[in-house]
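Report on the following structure.
The values are calculated or read from the model by the stated rules, or taken from the named source; none is laboratory data. Owing to the predicted nature of the structure, the values given are computational and were not obtained by experimental measurement. Please note: Cβ atoms are built from the backbone with ideal geometry, for glycine as well, and neighbour counts cover all protein chains shown.
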Amino acid sequence: MRKELIARLPLFLVLTSVAIVLSCAPSAAGQTVKAAVVSTTLEATTFPQWSEDLGYRRSQLYPLTLNVLGIPFVEADVSGVKLLLMLDSGTARGLMITNNAPPVPHRVEEHMEELNADGSHRGESFRIRIERMSVLGKVFRNVAGSLSDWRMFSSEPFNGTVGLDFFLDRRLTLDYRSRKVGVSPSPVPEKLDYKRYVSIDLIAPPTSQGNILYARAKVNGREAIVYFDTGYNVSFIDPDFAEGLARVERSGKFKGFRERVPLELGGRAFILDELRESPVRRGTGFDLPVALALGSDVLSHFIVTIDLRAKKLILGVPK
């Protein structure tokens, strides 16, 4: 994939017969700068430590693959066909297959129109039904999904996505550095070391957005909402929250980058660098604006646990 591609690859969201496409960031040719976490009060922990702290058995740990942009992929078995699919916390659907993937047995249920964020026509897709699918240790049957042309969503081919719909009754932990993902039906242990982990309350997303991840935070000293998307390979700060922050001008389509961005999450303080300045167009309906979209460039600096049942996001720092 081209390293200058910064948009989240799949933008496909269909919840009923209406197609809704979340906005994405424009490309920035030649720019490979990634956001970073430059300050945190959390103590670092190792893969053996977090897997023990969070109660994962060896059989509940699986390989995590990162593409050239640093976005996580996991293996899924779709009606007997093994595919690497993007583990995408930013899609409102559970499953999307593209025409780049090997053929999988499926049944077409209806034809659908894809729309851009402004409501204009984007392309055509098909709603499909898969008889059987397994991902990260659990089998699902009679799975609804979609079949789409990868060219609507990416400059390079990809097989598809698997979203958080497959983890409604399981928590999962992503460790980008160790290339591991843990999955368990058990609740997160009640007592985690405060020095190693921060527990963040998730808030309910707009109904049309399924199970994607939002939390309350302070961004540059102001109350706001933060959006977490493993399917983005870059992170953004909305210009309305960038006042007074150090700005770096770069060549390319993205001119402005903000440094030393203060973020408070779950009562803990973080400093982020190299956030691209761009409007964050999502989360309408909240009582606060969405100030940050945090993608895998930032999330890869953490051990990320998602528990939709408990409505919690738990962060640790890898050693």
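What number of residues within region 39-71 are loosely packed, with under 12 Cβ neighbours inside 10 Å and either of a type in the set (Phe, Trp, Tyr) or at pLDDT below 95 (or both)?
Summing the residues that are loosely packed, with under 12 Cβ neighbours inside 10 Å and either of a type in the set (Phe, Trp, Tyr) or at pLDDT below 95 (or both) in region 39-71 gives 2.
For residues in region 113-156 being surrounded by fewer than 20 Cβ atoms within 10 Å (Cβ to Cβ) and of a type in the set (Asp, Glu), which is nearest to Arg282 (Cα to Cα)?
Taking the candidates together, the pick is Asp118.
Show the residue pairs that are 6+ apart or on different chains and have beta-carbon atoms under 6 Å apart, the first residue being within region 240-265 and aliphatic (A, V, I, L, M), the second being assigned to a strand (DSSP E or B) and surrounded by fewer than 17 Cβ atoms within 10 Å (Cβ to Cβ).
The qualifying pairs are Ala246/Glu259.
Are any residues in region 189-199 touching a Gly at 6+ places or on another chain (Cβ under 8 Å) and either crowded, with 20+ Cβ neighbours inside 10 Å or among the aromatic types (Phe, Trp, Tyr) (or both), and if so, which ones?
Step one: filter region 189-199 for residues touching a Gly at 6+ places or on another chain (Cβ under 8 Å), giving 189, 196-199.
Correct list: Tyr197, Val198.
What number of residues within region 173-201 are in a loop (DSSP other than H, G, I, E, B), of a type in the set (A, V, I, L, M) and out of contact with any helix residue (DSSP H, G or I) (no Cβ under 8 Å at 6 or more places or on another chain)? Before the answer, list the steps.
Taking region 173-201 and keeping what is in a loop (DSSP other than H, G, I, E, B), we get 176-179, 185-197.
So of that shortlist, the ones also of a type in the set (A, V, I, L, M) come out as 188, 192.
After this cut, where a residue has to be out of contact with any helix residue (DSSP H, G or I) (no Cβ under 8 Å at 6 or more places or on another chain) as well, the list is 188.
Residues meeting the conditions: 1.
Based on what the data block shows, is Ile203 surrounded by fewer than 20 Cβ atoms within 10 Å (Cβ to Cβ), within 19 Å of Gly266 (Cα to Cα) and in contact with a Phe, Trp or Tyr (Cβ under 6 Å, 6 or more places away or on another chain)? Before the answer, list the steps.
On the way: surrounded by fewer than 20 Cβ atoms within 10 Å (Cβ to Cβ): yes; within 19 Å of Gly266 (Cα to Cα): yes; in contact with a Phe, Trp or Tyr (Cβ under 6 Å, 6 or more places away or on another chain): yes.
For Ile203, the condition - surrounded by fewer than 20 Cβ atoms within 10 Å (Cβ to Cβ), within 19 Å of Gly266 (Cα to Cα) and in contact with a Phe, Trp or Tyr (Cβ under 6 Å, 6 or more places away or on another chain) - is met.
Across region 235-258, what is the number of residues that are outside any strand (DSSP E or B) and among the basic types (Lys, Arg)? Don't jump to the end; show me each part of the working.
As a first pass, look at region 235-258 and keep what is outside any strand (DSSP E or B): 235, 238-245, 250-255.
The next check asks that each one be among the basic types (Lys, Arg); those that pass are 250, 253, 255.
The qualifying residues number 3.
When you scan region 228-235, do you find a residue that is out of contact with any strand residue (DSSP E or B) (no Cβ under 9 Å at 6 or more places or on another chain), under 24 Å from Leu42 (Cβ atoms) and either crowded, with 21+ Cβ neighbours inside 10 Å or not aliphatic (A, V, I, L, M) (or both), even just one? I'd like the intermediate steps shown before the answer.
Kept after step one, since they are out of contact with any strand residue (DSSP E or B) (no Cβ under 9 Å at 6 or more places or on another chain), are these residues of region 228-235: 233.
From what's left, under 24 Å from Leu42 (Cβ atoms): 233.
Now narrow it down to the ones that are either crowded, with 21+ Cβ neighbours inside 10 Å or not aliphatic (A, V, I, L, M) (or both): 233.
Taking every residue of region 228-235 in turn, at least one turns out to be out of contact with any strand residue (DSSP E or B) (no Cβ under 9 Å at 6 or more places or on another chain), under 24 Å from Leu42 (Cβ atoms) and either crowded, with 21+ Cβ neighbours inside 10 Å or not aliphatic (A, V, I, L, M) (or both).
Return yes when Gly94 is at pLDDT below 95 and in contact with a Lys or Arg (Cβ under 8 Å, 6 or more places away or on another chain) and no when it is not. Steps first, please.
Working: at pLDDT below 95: yes; in contact with a Lys or Arg (Cβ under 8 Å, 6 or more places away or on another chain): no.
Answer is no for this residue.
Return the only residue of Leu272, Leu288 being more than 28 Å from Asp175 (Cα to Cα) and either outside any loop (DSSP other than H, G, I, E, B) or touching a strand residue (DSSP E or B) at 6+ places or on another chain (Cβ under 7 Å) (or both).
Details: Leu272 fails: more than 28 Å from Asp175 (Cα to Cα).
When all the criteria are applied, what remains is Leu288.
Residues are listed down the side, and each one gets a yes or a no for (1) touching a Ser or Thr at 6+ places or on another chain (Cβ under 7 Å); (2) assigned to a loop (DSSP other than H, G, I, E, B); (3) within 15 Å of Phe73 (Cα to Cα):
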position: Glu113; (1), (2), (3): no, no, no
position: Arg127; (1), (2), (3): yes, no, no
position: Glu131; (1), (2), (3): yes, no, no
position: Ser134; (1), (2), (3): no, no, yes
position: Pro157; (1), (2), (3): no, yes, yes
position: Asp165; (1), (2), (3): no, no, no
position: Asp169; (1), (2), (3): no, yes, no
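Taking interchain pairs and intrachain pairs at least six residues apart, which have beta carbon atoms under 7 angstrom, with the first residue in region 296-313 and more than 14 Å from Thr173 (Cβ to Cβ) and touching a residue at least 60 places away in the same chain (Cβ under 8 Å) and the second assigned to a strand (DSSP E or B) and not aliphatic (A, V, I, L, M)?
So the pair list comes out as Ser296/Pro72; Lys311/Asp201.
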